[in-house]
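Here's the structure we're looking at; comments come further down.
No value in this document is a laboratory result; all are computed from the given coordinates. All values derive from a computational prediction rather than experimental measurement. Neighbour counts are summed over all protein chains in view; Cβ atoms, including those assigned to glycine, are modelled from backbone coordinates with ideal geometry.
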Amino acid sequence: MKRIAFLLILLALMISSGFAADSKFITFITHVSGRPAYTIFAEEQKLVTSAPNQVWIYSMFNQWRPQIETSYYSVFIIEDYELMAGRYLYICSREPTNTVFEVDSLNVFGKIYFPYTITGDKITREGANMFVADQNRGIDIIDIGSGGGREIKSVFSEKWGVRDFVAQYPYLYALNDFGLVTVDITDLQFPVSIGRNYQINDAKIIRKHGDIIWIGAGKSLYALNVRDLSNPSHINQYRFAYDITDLEIKDGRIYVALGYGGVKILDITNPLKMQEVNQITFQGQALDLAMENDFIYIAIGRDGWLIYEYR
């Protein structure tokens, strides 16, 4: 009888505290070690990891045994990278004369990629358009065609640098030293700034889901409604115990990398009522996240990267 009463009290406490049950389960798949991974990116069964001067490209046909395809080394620091059509590798660097070299000591039969270097700090692609951000100059809009091309459409700058950004035509959402800036890129040759919100300190990471912009700033996760582009409105905020290092969104959930705090998973189906539904904990730091299908990839630094299944 006492046991039943205790369980009922526990259930009541869980309900009153806003506990949200998760309908999915997290399963550890494997730890890929031997090569450091400080950033991670996944697309079309390809996975890219990087250290300061090198990138590795893996085939993810078998999630339990990722196969390395090739690697590239750079004399200068690699800031960011992007894959296109499974053949072209674009590498961002602050050094205009940077070149990358294929590493020929992997002793594997790898796929051939065509590497190109672009000056900047952050890079993202939408279709045939590449957007390259620089902390000091602004954003370059580049037409890369079917791959290999680099025709500059325009350069957008209002004397502020860019920390992170999201490009979803016809708009671009960027974080500068003050907060959020919204840019109309309907005409790629003449981008126009249309909205600002300067009330977000330490904003470093931005993601978009529907009408909501999610921003990681220190230990805080902000939700801004951008339906009215000229006046974004702050609708919610969530605070963690650790600084946010990355954000990813999929199927109504936001995945938050928190360094030594692991990964927190929140249900954001209702942005006005965020709820933690699950978490991934392990020894080490969650530095960067990537997702594809039912798999979560976590870069953990010099110890490599982890794969989890979440379904």
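Between Q168 and Q283, what's the calculated FRET efficiency when r is the beta-carbon distance and R0 is 30 Å? Round to 0.05.
0.25
Mind checking which of A21, A133, A167 has the largest fluctuation in a GNM of the chain, springs on alpha carbons under 10 Å?
Most flexible of the set in this elastic network: A21.
Please list, by residue number, everything in the range 281-311 whose backbone N is under 18 Å from a paramagnetic label point 7 Å out along Cα→Cβ of W64.
294-296, 306-311
If Rh is defined by the Kirkwood formula over all Cα pairs and Rg also comes from Cα, what ratio Rg/Rh do you get for the range 206-311?
Expressed as Rg/Rh, it is 0.98.
If each DSSP helix of 4+ residues adds -39,500 (n - 2.57) and the sum is divided by the residues in the chain, what number results at 222 nm, nearest 500 deg cm²/dmol?
Taking each H run of at least 4 residues, the total per residue is -1500 deg cm²/dmol.
For the range 150-278, what is Rg from Cα atoms divided by 2.2 N^0.38 Å, rounded to two decimals?
Details: Rg = 14.9 Å, N = 129, 2.2 N^0.38 = 13.9 Å.
In units of the 2.2 N^0.38 Å rule of thumb, it is 1.07.
From the convex hull of the Cα coordinates of the chain, what is the mean projected area in square nanometres?
Projected over every direction and averaged, the Cα hull of the chain covers 17.5 nm².
What distance in nm separates the two pseudo spin-label positions at K111 and S230, each 7 Å out from Cα along the beta-carbon direction?
Here the modelled spin labels are 4.6 nm apart.
Looking only at Cα atoms, what is the convex hull volume of the range 254-311 per residue, in Å³?
About 81 Å³ per residue, rounded to a whole number.
Set the Förster radius R0 to 41 Å, insert the Cβ-Cβ distance between V75 and E276 as r into 1/(1 + (r/R0)^6), and round the FRET efficiency to 0.05.
Step by step, r from the Cβ atoms, then E = 0.40.
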